[in-house]
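A.B. asks: I have a structure here, written as structure tokens, and I will follow up with some questions on it.
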Amino acid sequence: MIRLDGDLPGLVISAPSCGHCRQEVSMEDGIAYCEGCGVYWGTIEEDETSQFDEDRDFVEVCGEPAPESNSYKYKGCAVTVAYYPCILPEGHSSRHLHPYDYESVPLWPSSEVSA
Ligand SMILES: [Zn+2]
Ligand SMILES: [Zn+2]
């Protein structure tokens, strides 16, 4: 016999997570906080940008030196990716966050062009 008054699965909305380390964030009073990165979001909305924790008097930037820049060829272009030192607060336990510049220059005149 089939019961029709049972509960079918409820919908679970996944918890917000940090865009950098992908860890679930802790939430309190409409503020989200990432323990790993040491940053918080004042508004819990998609794509909201995090900020340094203001409760601490002064937070230094981690500043982990940038990895070596990367150069390679991709689809007929010379690509250079230049990295910068880590911008997360000092003492974060997540992996470092290095901003980078991406430059793509067409390889022209191409050595493959013949008369
Ligand atoms: Zn994080
Ligand atoms: Zn760092």
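Any read-out appearing in this document is the output of simple, stated calculations on the displayed coordinates, not a laboratory observation. Not measured: the values here are computed from a predicted model. Glycine also receives a Cβ, built like all others from the backbone with ideal geometry; neighbour counts cover every protein chain displayed.
A.B. asks: How many percent of all Cα-Cα pairs in segment 26-83 sit more than 12 Å apart? Write out the running numbers ahead of the final one.
C.D. replies: Details: 1243 of 1653 pairs.
Every Cα pair in segment 26-83 considered, those over 12 Å come to 75 percent.
A.B. asks: Here is a further query. Taking the beta-carbon count within 10 Å as an exposure proxy, list ARG22, ARG95, ARG3 from fewest neighbours to most.
C.D. replies: Values: ARG22 10, ARG95 13, ARG3 5.
Going from sparsest to densest Cβ surroundings: ARG3, ARG22, ARG95.
A.B. asks: Ratio of the chain's C-alpha Rg to 2.2 N^0.38 Å, to two decimals? Kindly include the intermediate steps, with their values, before the conclusion.
C.D. replies: On the way: Rg = 22.7 Å, N = 115, 2.2 N^0.38 = 13.4 Å.
Ratio of Cα Rg to 2.2 N^0.38 Å: 1.70.
A.B. asks: Ranked by Cβ crowding within 10 angstrom, fewest neighbours first, how are ASP53, ASP5 ordered? Intermediate values should be presented prior to the final figure.
C.D. replies: Numbers: ASP53 14, ASP5 4.
Going from sparsest to densest Cβ surroundings: ASP5, ASP53.
A.B. asks: Pairs of Cα atoms under 8 Å, at least six residues apart: use those to get the relative contact order of the chain, whole percent.
C.D. replies: Values: 175 pairs, mean separation 20.5, N = 115.
Dividing the mean separation by the residue count of the chain yields 18 percent.
A.B. asks: Among VAL79, VAL39, which comes first, second and so on when ranked by fewest other beta-carbon atoms within 10 Å? Don't jump to the answer; show the numbers that get you there.
C.D. replies: On the way: VAL79 14, VAL39 24.
By the 10 Å Cβ count, ascending, the order reads VAL79, VAL39.
A.B. asks: Using +1 at the Cβ of each Lys and Arg and -1 at the Cβ of each Asp and Glu in the chain, identify which of CYS62, HIS20, THR49 lies farthest towards the dipole's positive end.
C.D. replies: It is HIS20.
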